[in-house]
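Below: one structure, written as C-alpha cells.
The values are calculated or read from the model by the stated rules, or taken from the named source; none is laboratory data. As the structure is a computational prediction, the values presented were derived from the model and not from experiment. Cβ placement follows ideal geometry from the backbone for every residue including glycine, while neighbour counts extend to all protein chains displayed. Heavy atoms of the whole protein, side chains included, go into the accessibility calculation; ligands, DNA and RNA do not. Shrake-Rupley method; radii C 1.70, N 1.55, O 1.52, S 1.80 Å.
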Amino acid sequence: MIEVTTVTIIHAPIERCFDMARDIDLHTQTVWKHTRERAVAGVTSGRIGSGDTVTFEATHFGIRQRLMSRITAYERPFLFVDQMERGAFKSMRHEHHFSVCGEHGTCMRDTLRFEAPMGFLGWAVERLVLQRYMQTFLESRNGKLKALLEQGET
C-alpha cells in the first residue's frame, strides 16, 4: 500500500476551508482539466457530508474510469474521510485533516492511501508511476483550492 501526504497552509478560516474542500462543484473546478472529471452519481453538486457517496468519472492514463467513494468519517471542521467503495484501485482511503495555524490560517493535510490491483504488477505500478502521479495530482488540486480560498472567491 502506498501513502501520499500533502500539507497546505491556507490563509482562510478553518470552517471555510473545510466546507470548500468537500464541495463537489469546487472539486471538479480544481482538478486537472485534461481528466474531464465530473460527478455522475450520489452527491453531484454542493457539499458532501457524513455517510454521503459520490461517483466521479474521469480520464487517467487515457482510460475513462469511475470511482465511487463514501464519507466514512466526518468531524466538522477538523476531519472528513472518503473511502473508495468501487473503482480501479484495490483500495483507496483519503483523509482530509484541518487544524488552525496561526491567527488567520488553516493547515490542510491530505493523506491518501491506496493499493493497485493485479498483484506484483500493481505493486510495481504503484511505486513506479502512481505514487508520483497521485502526489502531483493532490498538490495541484490543493494549490488551486488554496488560491481560490485566499482570493475569497469561494
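The table below gives the values:
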item	result
Rounded tilt (10° steps) of 131-151 against the dominant C-alpha axis of the chain	20 degrees
Value in Å of the Kirkwood radius, where region 1-74 supplies the Cα pairs that are averaged	13.7 Å
Separation of alpha-carbon centers, region 110-130 and region 33-103, rounded to whole Å	18 Å
Simple spin-label estimate for K144 and M1 in nanometres, 7 Å along Cα-Cβ	2.9 nm
Simple label model, 7 Å out from Cα along Cβ direction - R47 to W123, nm	4.3 nm
Paramagnetic label zone (point 7 Å from Cα along Cα-to-C-beta, H11; backbone N under 19 Å) in region 127-150	142-150
Within the chain, longest stretch free of exposed chymotrypsin sites (Phe, Trp or Tyr not before Pro) [DSSP loop, at most 14 other beta carbons within 10 Å]	79-154
Convex hull projection area averaged over all views, region 52-154, Cα basis, nm²	7.7 nm²
Cα gyration tensor shape for region 72-130, rounded if a/c is under 1.5, else prolate or oblate	oblate
Selection of trypsin sites (Lys or Arg not before Pro), region 53-117, meeting DSSP coil and at most 15 other Cβ within 10 Å	K90
Carbon plus sulfur fraction of accessible area for the chain, probe 1.4 Å, in percent	55 percent
